[in-house]
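Report on the following structure.
The values are calculated or read from the model by the stated rules, or taken from the named source; none is laboratory data. Since the model is a prediction, treat every value here as computed from it, not as a measurement. Here the Cβ is made from the backbone with ideal geometry for all residues, glycine too, and neighbour counts use every protein chain on show.
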Amino acid sequence: MSNMRQDHNEIEKLASSVTAWNVQFQKELSERPVGILGEPELPNVPLVEKGQGSEAAFADFLEHIAPYLSGAAGPRYLGFVTGGTTPAALLADWIVSATDQNVASAGDSISTAVELQALEWLCELFDLPKDFDGIITTGATASNVLGALCARQYAGDQQGLDIARDGVSGADIDVFAATPHASMKKAMGFAGLGREQIKQVACLEGSEAMDVSDLALLLKNSNSAGKIVIASAGTVTGTDFDDLQAISALCKKHKAWLHVDGAFGLFTRTIKEKQHLTAGIEYADSITADGHKWLNVPYDCGMFFTRHVGLLQTACSVAAPYLDVGSSTPSFMDRGIENSRRFRALPVWMTLKAYGIEGYRKLIEDNCRHAKNLADWIEKSEDYELLTPCKMNVVVFKPAGARDEEVSQKLNQINQSEKTYMTPGVWQGESGIRAAFSNWSTTDVDLAIICDVLKQA
Ligand SMILES: *Cc1c(COP(=O)(O)O)cnc(C)c1O
(Lines give C-alpha, C1' and ligand atoms only; values in the text may rest on other atoms or scores of the structure.)
Protein backbone atom coordinates (compact mmCIF):
# COMPACT_ATOMS: atom_id res chain seq x y z
CA MET A 1 0.00 0.00 0.00
CA SER A 2 1.31 3.49 -0.83
CA ASN A 3 2.25 5.93 1.93
CA MET A 4 -0.49 8.26 0.81
CA ARG A 5 -3.19 5.63 0.99
CA GLN A 6 -1.90 4.39 4.31
CA ASP A 7 -1.93 7.94 5.73
CA HIS A 8 -5.48 8.39 4.52
CA ASN A 9 -6.53 5.16 6.20
CA GLU A 10 -5.03 6.45 9.45
CA ILE A 11 -6.34 9.99 9.05
CA GLU A 12 -8.20 9.97 12.36
CA LYS A 13 -5.10 9.19 14.40
CA LEU A 14 -2.90 11.59 12.42
CA ALA A 15 -5.48 14.37 12.54
CA SER A 16 -5.90 14.08 16.28
CA SER A 17 -2.19 14.52 16.94
CA VAL A 18 -2.05 17.54 14.61
CA THR A 19 -5.23 18.98 16.13
CA ALA A 20 -3.82 18.50 19.63
CA TRP A 21 -0.70 20.40 18.60
CA ASN A 22 -2.75 23.20 16.97
CA VAL A 23 -4.91 23.52 20.06
CA GLN A 24 -1.86 23.68 22.31
CA PHE A 25 -0.38 26.36 20.04
CA GLN A 26 -3.56 28.41 20.46
CA LYS A 27 -3.47 28.02 24.23
CA GLU A 28 0.18 29.06 24.49
CA LEU A 29 0.08 31.72 21.80
CA SER A 30 0.24 34.68 24.16
CA GLU A 31 3.22 33.13 26.00
CA ARG A 32 5.28 32.34 22.88
CA PRO A 33 8.22 34.53 21.85
CA VAL A 34 6.37 37.19 19.88
CA GLY A 35 9.07 37.50 17.23
CA ILE A 36 11.74 34.88 16.46
CA LEU A 37 14.91 36.87 15.83
CA GLY A 38 18.17 35.73 14.24
CA GLU A 39 16.73 34.04 11.13
CA PRO A 40 16.65 30.37 12.23
CA GLU A 41 17.68 27.84 9.60
CA LEU A 42 16.65 24.32 8.65
CA PRO A 43 19.15 21.42 8.50
CA ASN A 44 20.50 21.45 4.95
CA VAL A 45 19.28 18.04 3.71
CA PRO A 46 18.29 16.94 0.18
CA LEU A 47 14.80 15.82 -0.76
CA VAL A 48 14.24 12.16 0.17
CA GLU A 49 13.83 9.58 -2.58
CA LYS A 50 11.44 7.48 -0.53
CA GLY A 51 9.10 9.29 1.89
CA GLN A 52 8.26 7.94 5.34
CA GLY A 53 4.68 9.20 5.51
CA SER A 54 2.93 11.93 7.53
CA GLU A 55 3.81 10.73 11.02
CA ALA A 56 7.54 10.94 10.31
CA ALA A 57 7.17 14.27 8.48
CA PHE A 58 5.20 15.66 11.42
CA ALA A 59 7.91 14.50 13.83
CA ASP A 60 10.45 16.42 11.72
CA PHE A 61 8.18 19.46 11.78
CA LEU A 62 8.00 19.23 15.59
CA GLU A 63 11.77 19.08 15.87
CA HIS A 64 12.97 21.55 13.24
CA ILE A 65 10.16 24.00 12.56
CA ALA A 66 7.69 24.22 15.43
CA PRO A 67 10.06 25.77 18.01
CA TYR A 68 10.85 28.63 15.63
CA LEU A 69 7.33 29.70 14.73
CA SER A 70 6.54 33.17 16.02
CA GLY A 71 3.67 34.39 18.13
CA ALA A 72 2.76 36.89 15.39
CA ALA A 73 -0.89 35.85 15.61
CA GLY A 74 -0.89 36.67 19.32
CA PRO A 75 -1.89 39.79 21.26
CA ARG A 76 1.44 41.67 21.48
CA TYR A 77 2.70 41.54 17.89
CA LEU A 78 2.59 45.17 16.78
CA GLY A 79 4.68 44.99 13.60
CA PHE A 80 3.33 46.14 10.19
CA VAL A 81 -0.47 45.81 10.40
CA THR A 82 -0.83 42.19 11.45
CA GLY A 83 -4.18 40.69 12.32
CA GLY A 84 -4.52 37.46 14.24
CA THR A 85 -7.21 34.95 13.48
CA THR A 86 -10.56 34.82 15.25
CA PRO A 87 -11.56 31.37 16.52
CA ALA A 88 -14.38 31.11 13.94
CA ALA A 89 -12.06 32.07 11.08
CA LEU A 90 -9.44 29.57 12.24
CA LEU A 91 -11.95 26.73 12.45
CA ALA A 92 -13.31 27.64 9.01
CA ASP A 93 -9.81 27.63 7.54
CA TRP A 94 -9.31 24.04 8.70
CA ILE A 95 -12.52 23.16 6.87
CA VAL A 96 -11.26 24.98 3.76
CA SER A 97 -8.24 22.69 3.56
CA ALA A 98 -10.18 19.57 4.42
CA THR A 99 -12.83 20.19 1.77
CA ASP A 100 -10.46 21.67 -0.87
CA GLN A 101 -13.12 23.44 -2.95
CA ASN A 102 -12.07 25.33 -6.06
CA VAL A 103 -14.08 28.56 -6.27
CA ALA A 104 -13.39 29.14 -9.96
CA SER A 105 -16.81 28.85 -11.54
CA ALA A 106 -20.20 27.88 -10.17
CA GLY A 107 -21.97 24.65 -10.99
CA ASP A 108 -20.44 21.96 -8.81
CA SER A 109 -20.59 23.37 -5.27
CA ILE A 110 -22.21 25.98 -3.03
CA SER A 111 -18.83 27.71 -2.59
CA THR A 112 -19.55 30.46 -5.16
CA ALA A 113 -22.79 31.33 -3.33
CA VAL A 114 -20.82 31.57 -0.06
CA GLU A 115 -18.37 34.03 -1.61
CA LEU A 116 -21.25 36.13 -3.02
CA GLN A 117 -22.91 36.26 0.39
CA ALA A 118 -19.63 37.01 2.17
CA LEU A 119 -19.13 39.97 -0.20
CA GLU A 120 -22.66 41.23 0.49
CA TRP A 121 -22.07 41.00 4.23
CA LEU A 122 -18.75 42.84 3.89
CA CYS A 123 -20.55 45.65 2.05
CA GLU A 124 -22.98 45.79 4.99
CA LEU A 125 -20.12 45.78 7.50
CA PHE A 126 -18.46 48.67 5.64
CA ASP A 127 -21.78 50.40 4.97
CA LEU A 128 -21.10 50.54 1.22
CA PRO A 129 -23.96 51.18 -1.23
CA LYS A 130 -25.66 48.19 -2.85
CA ASP A 131 -24.08 48.84 -6.25
CA PHE A 132 -20.68 47.64 -5.01
CA ASP A 133 -19.74 44.10 -5.95
CA GLY A 134 -16.37 42.40 -6.08
CA ILE A 135 -14.19 39.46 -5.22
CA ILE A 136 -12.21 38.03 -2.34
CA THR A 137 -8.48 38.24 -3.10
CA THR A 138 -5.18 37.16 -1.57
CA GLY A 139 -4.65 40.54 0.08
CA ALA A 140 -4.59 44.29 -0.40
CA THR A 141 -1.75 44.05 -2.91
CA ALA A 142 -3.82 41.82 -5.20
CA SER A 143 -6.81 44.13 -4.68
CA ASN A 144 -4.68 47.11 -5.68
CA VAL A 145 -3.65 45.21 -8.82
CA LEU A 146 -7.33 44.71 -9.66
CA GLY A 147 -7.91 48.42 -9.00
CA ALA A 148 -5.13 49.30 -11.43
CA LEU A 149 -6.46 46.86 -14.06
CA CYS A 150 -10.02 48.23 -13.84
CA ALA A 151 -8.84 51.82 -13.88
CA ARG A 152 -6.66 51.15 -16.90
CA GLN A 153 -9.51 49.38 -18.72
CA TYR A 154 -11.77 52.37 -18.04
CA ALA A 155 -9.12 54.84 -19.20
CA GLY A 156 -8.68 52.75 -22.37
CA ASP A 157 -12.45 52.77 -23.00
CA GLN A 158 -12.35 56.57 -22.93
CA GLN A 159 -9.95 56.55 -25.88
CA GLY A 160 -11.52 53.71 -27.83
CA LEU A 161 -9.08 51.03 -26.66
CA ASP A 162 -9.71 47.62 -25.12
CA ILE A 163 -6.49 47.39 -23.12
CA ALA A 164 -7.10 43.84 -21.88
CA ARG A 165 -7.30 42.77 -25.52
CA ASP A 166 -4.87 45.08 -27.28
CA GLY A 167 -2.33 46.05 -24.64
CA VAL A 168 -1.49 49.29 -22.93
CA SER A 169 1.10 50.68 -25.34
CA GLY A 170 -1.21 52.95 -27.34
CA ALA A 171 -2.96 54.37 -24.30
CA ASP A 172 -2.50 57.84 -22.91
CA ILE A 173 -3.03 57.72 -19.13
CA ASP A 174 -2.11 59.98 -16.21
CA VAL A 175 -2.11 58.56 -12.67
CA PHE A 176 -2.21 60.81 -9.59
CA ALA A 177 -1.57 59.98 -5.94
CA ALA A 178 -0.19 61.63 -2.80
CA THR A 179 0.92 58.80 -0.48
CA PRO A 180 0.37 55.55 -2.39
CA HIS A 181 1.24 52.37 -0.49
CA ALA A 182 4.34 50.56 -1.83
CA SER A 183 2.04 47.78 -3.06
CA MET A 184 0.12 50.31 -5.16
CA LYS A 185 3.33 51.24 -6.97
CA LYS A 186 3.99 47.55 -7.51
CA ALA A 187 0.45 47.21 -8.90
CA MET A 188 1.13 50.09 -11.30
CA GLY A 189 4.15 48.17 -12.56
CA PHE A 190 2.08 45.01 -13.07
CA ALA A 191 -0.54 46.99 -14.98
CA GLY A 192 2.07 48.36 -17.39
CA LEU A 193 1.46 51.88 -16.14
CA GLY A 194 4.89 52.13 -14.50
CA ARG A 195 5.94 52.14 -10.86
CA GLU A 196 7.58 55.53 -11.25
CA GLN A 197 4.93 57.09 -13.48
CA ILE A 198 2.58 58.20 -10.70
CA LYS A 199 2.22 61.98 -10.78
CA GLN A 200 2.97 63.19 -7.26
CA VAL A 201 0.17 65.19 -5.65
CA ALA A 202 1.29 67.38 -2.72
CA CYS A 203 0.35 66.46 0.85
CA LEU A 204 -1.23 68.74 3.40
CA GLU A 205 1.25 70.29 5.82
CA GLY A 206 2.35 67.78 8.49
CA SER A 207 0.14 65.04 7.05
CA GLU A 208 0.20 62.16 4.55
CA ALA A 209 -3.22 63.20 3.23
CA MET A 210 -3.63 64.66 -0.23
CA ASP A 211 -3.71 68.41 -0.82
CA VAL A 212 -6.89 68.47 -2.90
CA SER A 213 -6.19 71.91 -4.36
CA ASP A 214 -2.99 70.51 -5.86
CA LEU A 215 -4.94 67.59 -7.35
CA ALA A 216 -7.43 70.06 -8.83
CA LEU A 217 -4.58 71.91 -10.53
CA LEU A 218 -2.90 68.74 -11.82
CA LEU A 219 -6.16 67.36 -13.22
CA LYS A 220 -6.95 70.67 -14.90
CA ASN A 221 -3.51 70.75 -16.54
CA SER A 222 -3.52 67.11 -17.63
CA ASN A 223 -4.06 66.59 -21.35
CA SER A 224 -4.25 62.81 -21.08
CA ALA A 225 -7.33 61.12 -22.48
CA GLY A 226 -7.44 58.81 -19.42
CA LYS A 227 -7.04 59.86 -15.80
CA ILE A 228 -6.73 57.77 -12.64
CA VAL A 229 -6.67 59.01 -9.05
CA ILE A 230 -5.38 56.74 -6.28
CA ALA A 231 -6.58 57.88 -2.86
CA SER A 232 -5.76 56.58 0.62
CA ALA A 233 -8.21 55.74 3.37
CA GLY A 234 -5.69 55.22 6.15
CA THR A 235 -1.98 55.56 5.31
CA VAL A 236 0.29 53.07 7.09
CA THR A 237 2.27 55.51 9.23
CA GLY A 238 0.15 58.60 9.81
CA THR A 239 -3.20 56.77 9.40
CA ASP A 240 -4.27 59.79 7.35
CA PHE A 241 -7.37 59.85 5.16
CA ASP A 242 -7.67 61.71 1.87
CA ASP A 243 -10.75 63.93 1.56
CA LEU A 244 -12.83 61.54 -0.54
CA GLN A 245 -15.78 63.88 -0.78
CA ALA A 246 -13.74 66.58 -2.52
CA ILE A 247 -11.64 64.09 -4.50
CA SER A 248 -14.64 62.17 -5.81
CA ALA A 249 -16.22 65.45 -6.97
CA LEU A 250 -13.03 66.32 -8.87
CA CYS A 251 -12.89 62.83 -10.39
CA LYS A 252 -16.48 63.17 -11.57
CA LYS A 253 -15.72 66.54 -13.15
CA HIS A 254 -12.62 65.25 -14.96
CA LYS A 255 -14.03 61.77 -15.72
CA ALA A 256 -11.19 60.20 -13.73
CA TRP A 257 -11.32 56.73 -12.14
CA LEU A 258 -11.12 56.89 -8.35
CA HIS A 259 -9.46 53.95 -6.60
CA VAL A 260 -9.36 54.05 -2.80
CA ASP A 261 -6.83 51.97 -0.86
CA GLY A 262 -8.52 51.34 2.48
CA ALA A 263 -6.59 48.19 3.41
CA PHE A 264 -7.26 48.70 7.11
CA GLY A 265 -8.71 52.22 7.21
CA LEU A 266 -11.99 51.00 5.69
CA PHE A 267 -12.74 49.26 9.01
CA THR A 268 -13.26 52.66 10.68
CA ARG A 269 -16.61 52.65 8.88
CA THR A 270 -17.89 50.24 11.53
CA ILE A 271 -17.71 53.13 14.02
CA LYS A 272 -20.21 55.99 13.74
CA GLU A 273 -17.89 58.69 15.12
CA LYS A 274 -15.21 57.76 12.58
CA GLN A 275 -17.44 57.55 9.48
CA HIS A 276 -16.65 61.15 8.51
CA LEU A 277 -13.09 59.99 7.73
CA THR A 278 -14.33 58.08 4.68
CA ALA A 279 -17.27 60.29 3.68
CA GLY A 280 -17.47 60.26 -0.11
CA ILE A 281 -16.18 56.71 -0.49
CA GLU A 282 -19.59 55.72 -1.85
CA TYR A 283 -18.60 57.59 -5.06
CA ALA A 284 -15.33 55.64 -5.49
CA ASP A 285 -15.03 53.44 -8.56
CA SER A 286 -13.02 50.77 -6.73
CA ILE A 287 -11.94 50.05 -3.17
CA THR A 288 -9.26 47.83 -1.58
CA ALA A 289 -9.56 46.28 1.87
CA ASP A 290 -7.56 43.63 3.66
CA GLY A 291 -8.87 40.46 5.31
CA HIS A 292 -5.76 39.24 7.11
CA LYS A 293 -5.36 42.61 8.85
CA TRP A 294 -8.32 43.95 10.81
CA LEU A 295 -10.84 41.27 9.81
CA ASN A 296 -8.55 38.81 11.61
CA VAL A 297 -8.92 35.93 9.17
CA PRO A 298 -5.88 33.75 8.40
CA TYR A 299 -3.41 34.60 5.65
CA ASP A 300 -3.97 35.21 2.93
CA CYS A 301 -7.13 37.20 2.35
CA GLY A 302 -8.17 40.58 0.96
CA MET A 303 -11.20 42.17 -0.66
CA PHE A 304 -11.79 44.18 -3.81
CA PHE A 305 -14.99 46.16 -4.39
CA THR A 306 -16.09 48.00 -7.49
CA ARG A 307 -19.23 49.66 -8.80
CA HIS A 308 -18.27 48.51 -12.31
CA VAL A 309 -18.09 44.75 -12.04
CA GLY A 310 -18.63 44.47 -15.80
CA LEU A 311 -15.38 46.33 -16.35
CA LEU A 312 -13.63 44.06 -13.85
CA GLN A 313 -14.91 41.09 -15.82
CA THR A 314 -13.72 42.57 -19.11
CA ALA A 315 -10.28 43.08 -17.57
CA CYS A 316 -10.10 39.60 -16.01
CA SER A 317 -12.25 37.33 -18.18
CA VAL A 318 -10.89 33.94 -19.11
CA ALA A 319 -11.94 33.03 -22.61
CA ALA A 320 -11.75 29.27 -23.00
CA PRO A 321 -14.70 27.22 -24.27
CA TYR A 322 -14.09 24.29 -21.91
CA LEU A 323 -14.43 26.67 -18.97
CA ASP A 324 -17.95 27.75 -19.99
CA VAL A 325 -20.26 25.67 -17.82
CA GLY A 326 -23.36 27.66 -18.83
CA SER A 327 -24.31 28.90 -15.36
CA SER A 328 -25.91 32.29 -14.77
CA THR A 329 -24.01 32.67 -11.48
CA PRO A 330 -20.81 34.71 -11.91
CA SER A 331 -17.52 32.89 -12.27
CA PHE A 332 -15.00 34.32 -9.86
CA MET A 333 -12.17 33.31 -12.18
CA ASP A 334 -13.52 36.07 -14.46
CA ARG A 335 -13.20 38.65 -11.70
CA GLY A 336 -9.68 38.16 -10.42
CA ILE A 337 -6.11 37.13 -11.02
CA GLU A 338 -6.28 33.37 -10.42
CA ASN A 339 -8.33 30.83 -12.32
CA SER A 340 -8.28 28.20 -9.58
CA ARG A 341 -9.08 29.76 -6.23
CA ARG A 342 -8.98 28.81 -2.56
CA PHE A 343 -12.26 28.88 -0.61
CA ARG A 344 -11.12 32.03 1.24
CA ALA A 345 -14.72 33.11 1.48
CA LEU A 346 -15.53 30.53 4.18
CA PRO A 347 -13.41 32.02 7.02
CA VAL A 348 -14.81 35.45 6.10
CA TRP A 349 -18.37 34.12 6.08
CA MET A 350 -17.95 32.22 9.34
CA THR A 351 -16.27 35.00 11.31
CA LEU A 352 -18.92 37.53 10.18
CA LYS A 353 -21.66 35.06 11.14
CA ALA A 354 -20.06 34.33 14.50
CA TYR A 355 -19.31 37.88 15.67
CA GLY A 356 -21.43 40.21 13.53
CA ILE A 357 -21.11 43.95 13.08
CA GLU A 358 -21.03 44.47 16.86
CA GLY A 359 -18.10 42.09 17.35
CA TYR A 360 -16.03 43.91 14.75
CA ARG A 361 -17.02 47.36 16.00
CA LYS A 362 -15.72 46.35 19.44
CA LEU A 363 -12.49 44.92 17.99
CA ILE A 364 -11.77 48.18 16.11
CA GLU A 365 -12.68 50.33 19.11
CA ASP A 366 -10.53 48.25 21.49
CA ASN A 367 -7.49 48.40 19.20
CA CYS A 368 -7.85 52.18 18.79
CA ARG A 369 -8.16 52.54 22.58
CA HIS A 370 -5.03 50.44 23.15
CA ALA A 371 -3.10 52.60 20.69
CA LYS A 372 -4.37 55.77 22.37
CA ASN A 373 -3.38 54.45 25.80
CA LEU A 374 0.12 53.56 24.56
CA ALA A 375 0.45 57.04 23.01
CA ASP A 376 -0.67 58.65 26.29
CA TRP A 377 1.89 56.56 28.21
CA ILE A 378 4.64 57.63 25.77
CA GLU A 379 3.70 61.29 26.09
CA LYS A 380 4.02 61.08 29.87
CA SER A 381 7.27 59.09 29.79
CA GLU A 382 10.59 60.90 29.96
CA ASP A 383 12.32 58.22 27.86
CA TYR A 384 10.21 58.40 24.69
CA GLU A 385 8.48 60.93 22.47
CA LEU A 386 5.70 60.68 19.87
CA LEU A 387 6.57 61.58 16.28
CA THR A 388 2.94 62.29 15.43
CA PRO A 389 -0.27 62.18 17.46
CA CYS A 390 -2.06 58.81 17.50
CA LYS A 391 -5.30 59.06 15.51
CA MET A 392 -6.29 55.45 15.07
CA ASN A 393 -4.54 52.12 15.79
CA VAL A 394 -0.93 53.12 15.03
CA VAL A 395 1.62 54.75 17.37
CA VAL A 396 4.84 56.23 15.92
CA PHE A 397 7.47 57.19 18.46
CA LYS A 398 11.19 57.18 19.27
CA PRO A 399 13.49 57.39 22.30
CA ALA A 400 13.46 61.04 23.40
CA GLY A 401 15.93 63.08 21.35
CA ALA A 402 17.44 59.94 19.73
CA ARG A 403 19.43 59.93 16.49
CA ASP A 404 18.48 57.46 13.70
CA GLU A 405 20.96 54.70 14.67
CA GLU A 406 19.85 54.92 18.31
CA VAL A 407 16.26 54.38 17.17
CA SER A 408 17.09 51.07 15.48
CA GLN A 409 19.19 49.96 18.49
CA LYS A 410 16.25 50.61 20.78
CA LEU A 411 13.89 48.78 18.44
CA ASN A 412 16.21 45.76 18.57
CA GLN A 413 16.23 45.88 22.35
CA ILE A 414 12.45 46.02 22.47
CA ASN A 415 12.09 43.06 20.10
CA GLN A 416 14.73 41.04 21.97
CA SER A 417 12.39 41.06 24.96
CA GLU A 418 10.34 38.49 22.96
CA LYS A 419 7.30 39.95 24.73
CA THR A 420 6.37 42.30 21.92
CA TYR A 421 7.45 42.97 18.35
CA MET A 422 7.47 46.31 16.55
CA THR A 423 8.75 47.48 13.16
CA PRO A 424 10.49 50.65 11.93
CA GLY A 425 8.56 53.62 10.60
CA VAL A 426 9.48 56.92 9.04
CA TRP A 427 7.48 60.04 9.80
CA GLN A 428 8.19 63.14 7.66
CA GLY A 429 11.73 61.92 7.02
CA GLU A 430 12.42 61.07 10.67
CA SER A 431 13.16 57.48 11.81
CA GLY A 432 10.88 56.03 14.41
CA ILE A 433 9.38 52.89 15.89
CA ARG A 434 5.93 51.90 14.74
CA ALA A 435 3.41 49.96 16.83
CA ALA A 436 0.16 48.94 15.14
CA PHE A 437 -2.71 47.30 17.04
CA SER A 438 -4.87 44.98 14.94
CA ASN A 439 -5.36 41.76 16.90
CA TRP A 440 -8.72 40.76 18.42
CA SER A 441 -7.10 39.21 21.52
CA THR A 442 -5.07 42.19 22.81
CA THR A 443 -6.12 43.22 26.33
CA ASP A 444 -5.27 45.96 28.85
CA VAL A 445 -2.95 43.44 30.54
CA ASP A 446 -1.03 43.10 27.26
CA LEU A 447 -0.76 46.87 27.06
CA ALA A 448 0.73 46.95 30.57
CA ILE A 449 3.30 44.31 29.52
CA ILE A 450 4.19 46.37 26.43
CA CYS A 451 4.68 49.55 28.49
CA ASP A 452 6.83 47.55 30.90
CA VAL A 453 9.06 46.35 28.02
CA LEU A 454 9.47 49.95 26.87
CA LYS A 455 10.38 51.01 30.39
CA GLN A 456 12.96 48.21 30.80
CA ALA A 457 14.53 48.99 27.41
C1 LIG B 1 -0.96 46.41 4.14
C2 LIG B 1 -1.36 47.38 3.11
C3 LIG B 1 -1.30 47.05 1.75
C4 LIG B 1 -0.74 45.73 1.25
O5 LIG B 1 -1.46 44.70 1.79
P6 LIG B 1 -1.05 43.16 1.77
O7 LIG B 1 -2.16 42.57 2.51
O8 LIG B 1 0.25 43.06 2.50
O9 LIG B 1 -0.96 42.74 0.37
C10 LIG B 1 -1.76 47.99 0.84
N11 LIG B 1 -2.21 49.19 1.25
C12 LIG B 1 -2.26 49.55 2.54
C13 LIG B 1 -2.79 50.89 2.92
C14 LIG B 1 -1.84 48.65 3.52
O15 LIG B 1 -1.90 48.99 4.82
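Kindly indicate the residue of segment 180-203 that is more than 12 Å from the ligand (Cβ to nearest atom) and closer than 18 Å to Ala142 by Cβ and also surrounded by the most Cβ atoms within 10 Å (Cβ to Cβ) among those meeting that condition.
Met188
Among the residues of segment 218-229, what is the count of those that are more than 25 Å from Asp162 (Cβ to Cβ) and either crowded, with 17+ Cβ neighbours inside 10 Å or not assigned by TED's automatic domain parsing to the domain that holds Val145 (or both)?
Here the count works out to 1.
Given the conditions (1) of a type in the set (A, V, I, L, M, F, W, C); (2) closer than 22 Å to Phe304 by Cβ; (3) in contact (Cβ under 8 Å) with a residue 12 or more places away in the chain, report the number of the one that Ala182 does not fulfil.
Here Ala182 clears every test but (3).
Check Phe58 against each of (1) in a loop (DSSP other than H, G, I, E, B); (2) more than 16 Å from the ligand (Cβ to nearest atom); (3) aromatic (Phe, Trp, Tyr) and name the one condition it does not meet.
Of the numbered conditions (1) in a loop (DSSP other than H, G, I, E, B); (2) more than 16 Å from the ligand (Cβ to nearest atom); (3) aromatic (Phe, Trp, Tyr), the odd one out for Phe58 is (1).
Would you check which residues across segment 233-264 are within 16 Å of the ligand (Cβ to nearest atom) and within 16 Å of Tyr154 (Cβ to Cβ) and list them?
Leu258, His259, Val260 - these are the residues of segment 233-264 that are within 16 Å of the ligand (Cβ to nearest atom) and within 16 Å of Tyr154 (Cβ to Cβ).
May I ask you to verify whether Asp285 is outside the structural domain of Pro424 (by TED's automatic domain parsing), within 14 Å of the ligand (Cβ to nearest atom) and at pLDDT 95 or above?
no
Out of Glu385, Glu379, I need the residue that is of a type in the set (Asp, Glu) and in contact with a Phe, Trp or Tyr (Cβ under 7 Å, 6 or more places away or on another chain). Which one?
Numbers: Glu379 fails: in contact with a Phe, Trp or Tyr (Cβ under 7 Å, 6 or more places away or on another chain).
Only one candidate qualifies: Glu385.
Filter segment 149-179 down to the residues that are surrounded by 22 or more Cβ atoms within 10 Å (Cβ to Cβ), of a type in the set (S, T, N, Q) and over 11 Å from Trp257 (Cβ atoms) and list them by number.
Within segment 149-179, Thr179 is the sole residue that qualifies.
Need the failing condition index for Ile230 against (1) aliphatic (A, V, I, L, M); (2) touching a His at 6+ places or on another chain (Cβ under 6 Å); (3) away from the ligand (no atom under 14 Å from the Cβ), just the number.
Unmet for Ile230, out of (1) aliphatic (A, V, I, L, M); (2) touching a His at 6+ places or on another chain (Cβ under 6 Å); (3) away from the ligand (no atom under 14 Å from the Cβ): (3).
For every residue, the table says whether it meets (1) in the same structural domain as Ser441 (by TED's automatic domain parsing); (2) surrounded by fewer than 18 Cβ atoms within 10 Å (Cβ to Cβ).
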residue: Pro347; (1), (2): no, no
residue: Thr351; (1), (2): no, no
residue: Gly356; (1), (2): no, yes
residue: Ala375; (1), (2): yes, no
residue: Glu382; (1), (2): yes, yes
residue: Met392; (1), (2): yes, no
residue: Val395; (1), (2): yes, no
residue: Pro399; (1), (2): yes, no
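Here is a check on your reading of the model: is Asp133 away from the ligand (no atom under 15 Å from the Cβ), in contact (Cβ under 8 Å) with a residue 12 or more places away in the chain and closer than 30 Å to Ser224 by Cβ?
yes
Working only within segment 411-442, note down all residues that are over 16 Å from Arg32 (Cα atoms) and assigned to a loop (DSSP other than H, G, I, E, B).
Listed by number, the residues that qualify are Gln428, Gly429, Phe437, Ser438, Trp440.
Residues that are modelled with pLDDT of 95 or more and surrounded by 14 or more Cβ atoms within 10 Å (Cβ to Cβ): does segment 44-53 have at least one?
yes
Can you confirm whether Leu215 is more than 24 Å from the chain's Cα centre (by Cα), outside the structural domain of Gly429 (by TED's automatic domain parsing), more than 16 Å from the ligand (Cβ to nearest atom) and buried (at least 17 other Cβ atoms within 10 Å of the Cβ)? Break it down into steps so the answer makes sense when it comes.
On the way: more than 24 Å from the chain's Cα centre (by Cα): yes; outside the structural domain of Gly429 (by TED's automatic domain parsing): yes; more than 16 Å from the ligand (Cβ to nearest atom): yes; buried (at least 17 other Cβ atoms within 10 Å of the Cβ): yes.
Criteria met by Leu215.
Determine whether segment 268-291 contains at least one residue that is among the aromatic types (Phe, Trp, Tyr) and surrounded by 24 or more Cβ atoms within 10 Å (Cβ to Cβ). Walk me through it before giving the result.
First, pick out the residues of segment 268-291 that are among the aromatic types (Phe, Trp, Tyr): 283.
Now narrow it down to the ones that are surrounded by 24 or more Cβ atoms within 10 Å (Cβ to Cβ): none.
Checked segment 268-291: no residue is among the aromatic types (Phe, Trp, Tyr) and surrounded by 24 or more Cβ atoms within 10 Å (Cβ to Cβ).
Name the pairs: first residue in segment 232-245 and of a type in the set (A, V, I, L, M), second residue assigned to a loop (DSSP other than H, G, I, E, B) and within 10 Å of the ligand (Cβ to nearest atom), Cβ to Cβ under 7 Å, at least 6 apart or on different chains?
Ala233/Gly262; Val236/Val81; Val236/His181
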